[in-house]
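The values are calculated or read from the model by the stated rules, or taken from the named source; none is laboratory data. What you see is a predicted model, and the numbers here were worked out from it, not measured in a lab. Heads up, the Cβs are rebuilt from the backbone with ideal geometry, glycines too, and the neighbour counts pull from every protein chain shown. Side chains included, ligands, DNA and RNA excluded: accessible areas come from the protein's heavy atoms. Shrake-Rupley method; radii C 1.70, N 1.55, O 1.52, S 1.80 Å.
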Amino acid sequence: MLSLLERNIWLSVAIAGGLAVLVIAGAVRLGGGMPELKPLPETRPPSARGFAGSDAEGWLALKAVARAEAPTNAINPFYTLHFQPPPPPPTKKVSIEYQGCLLSSRGASLAYILLEDSLLILTNGARVVADHAISQIDVSTLTLTNAAGKTNDLKFKVKAILEVPAS
């Protein structure tokens with residue numbers, strides 16, 4: 001259609017003239033005044049009393065409020081056993097006895113440990129039972145440290161009971 005307007009110049013001039021007439025007619029009719037507004041009719045709001053014959057006044061009476069309170073020995077509906085913490089991990093008790101140490105010619109010390117019925121010969125840093133490892137070997141005491149950093153001092157030839165995780 002655009003090519004038709006380019007070929008026929010008189011058709012283009014006629015369309016432009018018609019648009020100009022419409023714009024001028026619209027501009028002449030604009031008076032710039034405010035439209036006349038009619039006032040709204042006066043109506044009364046509905047009554048605040050509520051329904052006729054209802055017992056709304058008795059809703060906040062002392063007896064009604066006392067009936068609405070929950071009894072104190074009732075089960076709480078929001079209590080659940082679903083979110084309880086898990087039980088502590090099972091543990092076992094192990095008897096251990098420090099039986100002495102041996103200092104090698106290279107300077108490494110070895111500890112003799114009687115664990116239950118088996119004899120262990122271990123050096124510093126070796127794991128004895130569960131997460132307990134040897135941290136220090138001395139002639140009179142043996143120090144065991146667990147992963148949590150708790151230390152246990154075992155005296156020479158004295159039986160001790162350690163509580164370790166059962167695994």
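Scanning region 155-167 for residues that are closer than 15 Å to Ala130 by Cβ and either outside any strand (DSSP E or B) or without any contact (Cβ under 8 Å) to a residue 60 or more places away in the chain (or both) yields Ala166, Ser167. The single residue among Ala133, Ala166 that is touching a Lys or Arg at 6+ places or on another chain (Cβ under 7 Å), open to solvent by less than 30 Å² (accessible area, probe 1.4 Å) and either under 28 Å from Pro88 (Cα atoms) or at pLDDT 95 or above (or both) turns out to be Ala133.
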